[in-house]
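No lab work stands behind these numbers, since they all come straight from the coordinates. Just so we're clear, the structure is a prediction, and the values are computed from it rather than from any experiment. All Cβ positions, glycine included, derive from the backbone under ideal geometry; neighbour counts span all protein chains shown.
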């Protein structure tokens with residue numbers, strides 16, 4: 001990662017040198033304004049302009065490399081990227097909507113299944129308890145009948 | 001190495017050669033006579049060319065050093081994960 005920062009800094013300094021070379025003949029006044037360009041002016045200007053362009057391209061490349069590295073390390077997120085683990089939605093908006101519905105179903109299905117299982121277990125427990133209580137109620141009647149003296 | 005970095009290195013090398021050209025231009029284009037006092041244009045070209053050479057060389061050396069460090073740490077990490085798997 002540091003290498004890209006160093007490269008971008010070097011390229012930006014090169015671009016600044018290019019700008020200086022284009023301006024220097026006029027800033028240092030060895031090129032009179034309005035006069036025909038002298039040899040040093042031609043050399044400086046036509047060295048400075050390509051240097052500026054090339055250095056700007058270089059700095060853009062170094063910065064794009066840096067951004068890619070940051071994305072690879074997960075420091076910077078890709079714009080409009082789907083979160084990891086989810087398939088990226090493609091196609092028309094209707095297809096997107098159906099995909100989202102399917103995803104929602106996929107997410108809700110285990111939850112609904114677990115709820116249903118829980119409810120069934122509760123029902124079973126309740127039925128079991130009710131049956132047990134009816135047995136308890138019926139047992140004393142039987143015992144009463146057994147204990148009572150029939151005439 | 002990423003393709004951007006490769007092209008960036010080529011650009012830095014171009015900057016180096018531009019510096020060398022600026023350093024020699026006053027004498028090649030002959031607006032500076034050998035043995036005479038340096039004119040303003042010559043001084044400017046020599047200083048700017050020298051600075052460009054220095055910047056480009058420093059960038060190349062530091063970029064190479066940090067690229068080697070990254071490659072070494074990546075290789076070390078790979079070997080530790082392979083050992084962990086075995």
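Between residue B:78 and residue B:7, the FRET efficiency estimated from the beta carbon spacing at R0 = 25 angstrom works out to 0.40.
The Cα center of region B:65-85 and the Cα center of region B:1-57 differ in position by 38 Å. Helix B:40-85 and the longest principal axis of the Cα set of chain B meet at an angle near 10°. Calculated FRET efficiency, residue A:27 to residue B:27, Cβ-Cβ distance, R0 = 22 Å: about 0.45 to the nearest 0.05.
Could you work out how far helix B:3-28 tilts from the main Cα principal axis of chain B, as a 0 to 90 degree angle to the nearest 10? Between helix and principal axis, roughly 20 degrees.
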